[in-house]
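So the structure is just underneath, and the comments pick up after that.
Bear in mind that the values in this text are calculations on the coordinates, not laboratory data. If you're wondering where the values come from, they're calculated on a predicted model, not measured in any experiment. Virtual Cβ from ideal backbone geometry, glycine too; neighbours counted across all protein chains shown.
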Amino acid sequence: MSSPTPSAGNPKAQKSEGVWAASWRRMKADKVGMVSMAIVAFFLLMVIASASGLLAKDWQKEVGVPNAPPTFMGPAPAEASGVIAQPKGPNVDLSDIDPLAPKYKEWEERASKFKTEDVVKAETLPLGGDRLGRDVLAKVIKGAEVSILVGVLAAVVATIIGTVLGAISGFFGGKIGDFLEWLYNVFTAIPSILLIFAFAVIFGKGVLSVVMILGLAGWPGIYRLIRAEFMKHSVREYVRSAEAIGASRYSRMFKHILPNVSHVALVQLSLHVVSFIKSEVILSYLGLGVGVDQVSWGTMLSESQSELILGYWWQLVSVTALMAVFVTAFALFTDALRDALDPKLRGLE
């Protein structure tokens, strides 16, 4: 008597591996992708902790002396720190030549009632201090919160706009498609940097303004890809079958086609996060980004250029290193995600 096949005895064996399960399996096989994903996850957790007040809550406090060096360098010499040594010894009696000298003691007693306790400022900080004595480590964490938040939200806005318009144009075509194609050509005819500057003048400064500026300037590339995918899928058999059983147009667009092209939108979302973080840094560096009461990687780079001339390099190095690590890790993670979602790109399957 022959033994039954595994598929006949086990119903679960007949179930094929899902798209997302297969993508996760390919993602786990990519060591560089997994390490990059861990780094990106660490930065996102740091951003969440900063936004909730667990980290860098007091980044505006002047906890150190101006331009305090990093801890590993030790305190700066008194001459370099600009501290003037106070003369020692008893005060000189000026009562014979100064008619106001007898009042000094009375004024000193009155002033002592209003004196506040002097805060001892640190001579060194973990990553150094800026020109006001603020901790560079706390600033770079708070700056990461603003820059990464702007990059992610702007990428989400651009992806939503590009996906919706691309789906409408690719599925319906006709006059609607022609109008959206004209709109796409108008946006792409203007250099992106000029378009960003034009929107910056309209919306002004602020985090939400930068999100809207980058979102409105970044949707054309996503629109073009999503439109092509919808044109290709709208004539396939599974969509024709859904139409034959009475599925509405919007049901076919968003319930049948959109799940099959979602990997394209997801990859474009990841790519635009890196691009928009760089754009936010440029805008803030030029004074068109976040407000003066906030800090981002761009504003820190703008501040550090004047400090670098005086030899205070630690703020520039700190923000550049942290930004380079995150952008590189996110770019590698995006490449691994693209390969996992579309294995045909590298012939994995």
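Given a Förster distance of 35 Å, report the FRET efficiency between Asp293 and Leu194 from their Cβ-Cβ distance, rounded to the nearest 0.05. Please report the intermediate quantities before stating the final value.
Values: r = 28 Å, r/R0 = 0.80.
It comes to 0.80.
Normalised Debye scattering of the stretch 255-313 at q = 0.13, 0.20, 0.27 Å⁻¹ gives log10 I(q)/I(0) of -0.51, -0.77, -1.00, counting only Cα atoms as equal scatterers and leaving out solvent. Over all pairs of different C-alpha atoms, the stretch 113-183 has a mean inverse distance whose reciprocal, the Kirkwood radius, equals 17.0 Å.
To the nearest 0.05, what FRET efficiency results for Lys232 and Asp178 with a Förster distance of 22 Å applied to their C-beta separation?
Numbers: r = 19 Å, r/R0 = 0.86.
The computed FRET efficiency comes out at 0.70.
For the stretch 226-268, compute Rg over Rh where Rg is the Cα radius of gyration and Rh is the Kirkwood radius from the inverse mean 1/r over Cα pairs.
Values: Rg = 10.3 Å, Rh = 10.5 Å.
That ratio is 0.98, to two decimals.
When Rg and the Kirkwood Rh are both derived from Cα coordinates, the Rg/Rh ratio for the stretch 200-349 amounts to 1.14. Could you give log10 I(q)/I(0) at q = 0.13, 0.19, 0.26 Å⁻¹ for the stretch 162-208, computed by the Debye formula over C-alpha point scatterers of equal weight, without solvent? Debye intensities relative to I(0), on a log10 scale: -0.43, -0.72, -0.88. Using equal-weight Cα scatterers in the Debye expression, the normalised intensity of the stretch 201-259 in log10 at q = 0.22 Å⁻¹ is -0.82. Beyond 21 Å in Cα-Cα separation lie the following of the pairs Lys28/Lys142; Lys31/Lys278; Lys28/Lys255; Lys139/Lys278: Lys28/Lys142; Lys31/Lys278; Lys28/Lys255. In this structure the amide hydrogen of Gly289, modeled in the peptide plane, comes within under 5 Å of the amide hydrogens of Ser284, none closer than 5 places in sequence on its chain.
In what sequence, highest mean first, do 261-267, 298-304 appear when ranked by Cβ atoms within 10 angstrom?
Numbers: 261-267: 18.1, 298-304: 22.0.
Packing proxy ranking, top to bottom: 298-304, 261-267.
Listed values for the stretch 236-252 are Karplus-derived 3J(HN,Hα) couplings in whole Hz (6.51 cos²θ - 1.76 cosθ + 1.60, θ = phi - 60°), namely 7, 5, 5, 6, 4, 5, 5, 5, 5, 8, x, 5, 6, 4, 5, 5, 5, and x replaces Gly and Pro.
Around the amide H of Leu125, modelled in the peptide plane, lie the amide H atoms of Thr71, all under 5 Å away and 5 or more residues distant in sequence or on another chain.
Residues whose amide H falls under 5 Å from that of Asp135, counting only those 5 or more places apart or on a different chain, are Val63, with hydrogens built in the peptide plane.
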